[in-house]
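Have a look at the structure below, then the notes.
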Amino acid sequence: MLFPSSLRQKITFGYLLVAVLILAVSLFTFESLKRVEARILLSERISGLFETAMEVRRFERNYFLHGQAADLSENADYINRLEAMLNDDLALPEAHAQIEVLREKTRRYRQQVGLYAAASANSSQRRDLEQKVRATGKELVSITEMLVQTERQLLQSSLASFRITLVFIVVGLALFMIALGQALSRRVAFPLQQMEDYVAAISAGRRDTLPFPSQDREIVSITLAFNHMLKELELRQKHLLRSEKLASLGTLLSGVAHELNNPLSNIWTSCQILQEESVDADQAHQQILLAQIDEQCERARHIVSSLQDFARERHFGREHFSLRQLMEQTLRFIKAEIPAHLAITLHIDDTLYLYADRQRLQQVFLNLIKNALDASPGSIEIAARRRAVAEVATEADCDVTGDTIDISIQDSGAGMSAECMSRIFDPFFTTKDVGHGMGLGLFIVYQIIEEHEGCITVSSSEGQGTTFLIRLPVDHTRGQDAEAG
Ligand code: ADP
């Protein structure tokens, strides 16, 4: 596991690293403490040297003063102890030379004391020896005192270095934990964060496959599962769309059959009458019947040609165009049908551009404006604006992802009932008189807006006018922008 390749391994690796580090730090601290402890013990032994030397001198002085054999033996006893202590390994390399001198002086001191005890009383030799014993004894004490000081300094410096090491360890550990935390968060939390962003984008409507935010096993398998799910979703959507299209085709066909049935039966009736009255009918009546046949044929032809127009596979081609210019052109087309008293107002900014199929959208506006005119309004208002994604859509049935261009066509005409509103997008639904409406206008409008991945919704009530709202997505990737030209 040199380079962890899964989130679990990365986290375990992090924990192991921390555990190993803590173990290493504990061992190091334990060793350092052991060294300090050894130093304290050595310091006690060096102090013992000094105290023994002092005792040697105390009994030396007593012996010189009182000449008691007991003091001499105590003195010899302490000299023995001092030598024994010096023969033990003192493990003080810093004062090796001093210890050697001390050994030498102790040996000499023992000789001098032995010679003094053996010398005859009140002799000058004895007095000389007393001076020498005193001098060597003094040296013993001062050397052991120096040793005590040296050892004390060494103990202090080893305690100070232990303290500094401890501070370094604590600071180092803290820095290491911060670095480890950051590395883990970069390697573990960052891919998860990216994953969260991608999933949020998907829930907001994005449908392209997810890239792999990292090569960790868990992330790779989640990404693969997500991409698989997206593919499935797309497939199902396509199925759904197909079955929906088939359903609307069925409705369309039954509508066509129904619509054609009327003129056909009229033609058939007229033909029957003509056949029955062919011999003795008067010319004028025959002319009326023929005119009726002609009219009904024309009606049937009109139905068929509208359907052909709708069904023809015209290439769907987007282009940039000014919405205001298109709307003005559309109004010019139907100028003759607009009553003089009717006020049509346009609230469309010159800078508002669309990236869409121009011809199809013109068809949409034409159908909607014609319907508005048929509702005998006092006024028609056409407005358009760019809606930011952050704006909450109040129309629940018209939700398009991202920024949109909202186009509304509002008339103050007759309006419609809720029942009528629920059917207006069905093919062949019309409330208009025969010859005035075929009920295909809004059906076609609906299909075109769907082709543009937008939505259309209507709000109306009887006597209160009608508003159609079209919402088209702003497509940044293809350069459509409200301000772009
Ligand atoms: P058509 O215009 O041939 O009747 P449409 O599909 O365009 O077919 O319209 C269907 C029906 O929707 C119309 O017959 C009418 O009843 C209703 N409708 C459409 N637009 C309006 C409007 N602006 N005001 C009132 N009713 C409308």
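When the Cα positions of PHE321, LEU192, ASN122 are compared along the charge dipole of the chain, ASN122 comes out farthest toward the positive end, with charges on each C-beta of Lys, Arg, Asp and Glu.
For segment 326-335, backbone phi angles converted through the Karplus equation (6.51, -1.76, 1.60; θ = phi - 60°) give residue-by-residue couplings of 5, 5, 5, 4, 4, 5, 5, 4, 10, 3 Hz, Gly and Pro being listed as x.
Basic side chains Lys and Arg get +1 at the Cβ, acidic Asp and Glu get -1 at the Cβ, and with that the dipole of the chain about its Cα centre reaches some 4060 debye.
Of all lysines in the structure, not one lies under 19 Å Cα to Cα from LYS231 without also being fewer than 8 positions from it along the same chain. Under a cut-off of 25 Å between alpha-carbon atoms, report the lysines in cross-link reach of LYS370, not counting same-chain residues fewer than 8 places apart. Within reach: LYS335, LYS432. The Cα trace of segment 369-432 gives Rg and Dmax of 14.4, 41 Å, the first to one decimal, the second as a whole number.
Mind putting a number on the dipole of segment 65-224 about its Cα centre? Charges go on the C-beta only, +1 for Lys and Arg and -1 for Asp and Glu, and I need it in Debye to the nearest 20. All intermediate terms of the calculation are to be shown ahead of the outcome.
Numbers: 18 positive and 19 negative charges, 51 e Å.
My answer is approximately 240 debye.
Take every pair of alpha-carbon atoms less than 8 Å apart whose residues are at least six positions apart; their mean separation over the length of segment 313-369 yields a relative contact order of 59 percent.
For segment 401-462, what is the charge dipole size about the Cα centre, in debye to the nearest 20, if Lys and Arg each add +1 at the Cβ and Asp and Glu each add -1 at the Cβ?
240 debye
Coupling constants for segment 145-158 follow from the phi torsions by the Karplus curve (6.51 cos²θ - 1.76 cosθ + 1.60, θ = phi - 60°), and in residue order they are 5, 5, 4, 4, 5, 4, 5, 4, 4, 4, 4, 4, 5, 6 Hz; glycine and proline get x. Taking the convex hull of the alpha carbon positions in segment 148-222 and averaging its projected area over all directions gives 6.9 nm².
Tell me the angle of helix 7-66 to the major Cα principal axis of the chain, expressed in degrees between 0 and 90 and rounded to the nearest ten. Tilt relative to the chain: about 20 degrees.
Here's how it looks for ILE405: its modeled amide H is under 5 Å from those of ARG387, LEU472, VAL474, which are all 5 or more places away or on a different chain. Each of SER158, ILE40, VAL148 was placed along the dipole of the chain (beta-carbon charges, centred on the mean Cα), and the one lying farthest toward the positive end is VAL148. Here the convex hull built on the C-alpha positions of the chain has a volume of 262 cubic angstrom per residue. No disulfide-compatible partner, judged by a Cβ distance under 4.7 Å, exists for the following cysteines of the chain: CYS271, CYS297, CYS420.
222 nm [θ] for the chain, helices only, -39500 (n - 2.57) per DSSP H run of 4+, per residue, to 500? Intermediate results must be reported in sequence, preceding the final value.
Numbers: 11 runs with 309 residues, N = 485.
Counting only the DSSP helices, I get -23000 deg cm²/dmol.
FYI, it's all coordinate maths here, none of it is from the lab. Quick caveat: nothing in here was measured; it's all calculated off a predicted structure. Cβ atoms come from the backbone with ideal geometry, glycine included; neighbour counts cover every protein chain shown.
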